[in-house]
1. Would you pick out the residues in segment 189-223 that are in a loop (DSSP other than H, G, I, E, B) and touching an Asp or Glu at 6+ places or on another chain (Cβ under 8 Å)?
2. Restricting attention to segment 65-98, report how many residues are of a type in the set (A, V, I, L, M), out of contact with any helix residue (DSSP H, G or I) (no Cβ under 7 Å at 6 or more places or on another chain) and touching a residue at least 12 places away in the same chain (Cβ under 8 Å).
3. Cβ-Cβ distance below 6 Å, separation of 6 or more or different chains: which pairs start in segment 152-168 with a residue that is among the small types (Gly, Ala, Ser) and end on one that is loosely packed, with under 13 Cβ neighbours inside 10 Å?
4. Just to confirm my filter: which helices (runs of 4 or more DSSP H) fall fully inside segment 59-176 and include at least 3 residues that are under 15 Å from THR34 (Cβ atoms) and among the charged types (D, E, K, R)?
5. Which residue pairs have Cβ atoms closer than 6 Å, lie 6 or more positions apart in sequence or on different chains, and pair a first residue in segment 175-192 that is surrounded by fewer than 16 Cβ atoms within 10 Å (Cβ to Cβ) with a second residue that is modelled with pLDDT under 95?
6. Can you tell me which residue in segment 37-58 is farthest from the chain's Cα centre (by Cα), limited to those that are under 21 Å from ASN215 (Cβ atoms) and in a helix (DSSP H, G or I)?
7. In this structure, is GLN101 in contact (Cβ under 8 Å) with a residue 24 or more places away in the chain and within 14 Å of the chain's Cα centre (by Cα)?
8. Name the one entry in PRO200, PRO167 that is surrounded by 20 or more Cβ atoms within 10 Å (Cβ to Cβ) and touching a strand residue (DSSP E or B) at 6+ places or on another chain (Cβ under 7 Å).
Amino acid sequence: MLKHLAIIPDGNRRYAKKAKIQMRNNYKNSIEKTFDIVGWCVESKISVLTIWGFSTENWKRSNSEKKVLFKLFEEKATELLLDERLVTGGIQIKVIGDKKQFSKKLQSLFCDIEEKTKKNKKLKLNLLLNYGGRYEILSAINNLLKESKKNVDEKTFKKYLWLSEEPDLIIRTSGEHRLSGLLPFQSVYSELYFEPKYFPEFEKKDFNKAIKSFNNQSRRFGK
């Protein structure tokens, strides 16, 4: 049974160029689509959704694009905090990544959302923001060294990762056939599904097709 779904929502900029949509409107629509997918996951009884919103490599993008994206993060976070469904909807939200590089305002909003939703049990939504797989592993190793840990086993190492849960299925949109550093330690047994559509084009029927593909797999984990 599919319990943990991870998504790489790729192709936003290419879609905006193809459809001649302003970048701000395109990113705003993609953020809303993320929460559409939350609803689809609840319907499918998926208990964890991990979605990549901003990578450590995305800092290389133009200042104007980053400014637009961070402003949208602020607007959506503020909107969520004012919506009582944030509690009654049963969605627990965690922001995973190095949050210290974001503005104090964004850090505070992320903290408030996590606090407000920490008791929710219906679905856990992990938002990967300023996340990079190599960065996560190096962070874990440095924290282990600080504590002088020796003879570290897999169980202990997982405790130092930002996200210990292993995805059952990873979907990447846009037709690119790589993970680009998404959860390298956690994804070793994940099923991979590459959707040719750009993320803004990703619809419920595409979501259901990916889930059906997963359900048809025989997962033996090396046995």
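The values are calculated or read from the model by the stated rules, or taken from the named source; none is laboratory data. Because the structure is a prediction, the values reported are computed rather than measured. With ideal geometry, Cβ positions are generated from the backbone for all residues, glycine too; neighbour counts draw on all protein chains shown.
1. TYR189, SER190, LYS197, TYR198, PHE202, GLN217, ARG219 - these are the residues of segment 189-223 that are in a loop (DSSP other than H, G, I, E, B) and touching an Asp or Glu at 6+ places or on another chain (Cβ under 8 Å).
2. Residues in segment 65-98 being of a type in the set (A, V, I, L, M), out of contact with any helix residue (DSSP H, G or I) (no Cβ under 7 Å at 6 or more places or on another chain) and touching a residue at least 12 places away in the same chain (Cβ under 8 Å): 1 in total.
3. Short answer, once both residue conditions are applied: none.
4. 63-81
5. Between residues of segment 175-192 that are surrounded by fewer than 16 Cβ atoms within 10 Å (Cβ to Cβ) and residues that are modelled with pLDDT under 95, the close pairs are TYR189/PHE221.
6. GLU43
7. no
8. PRO167
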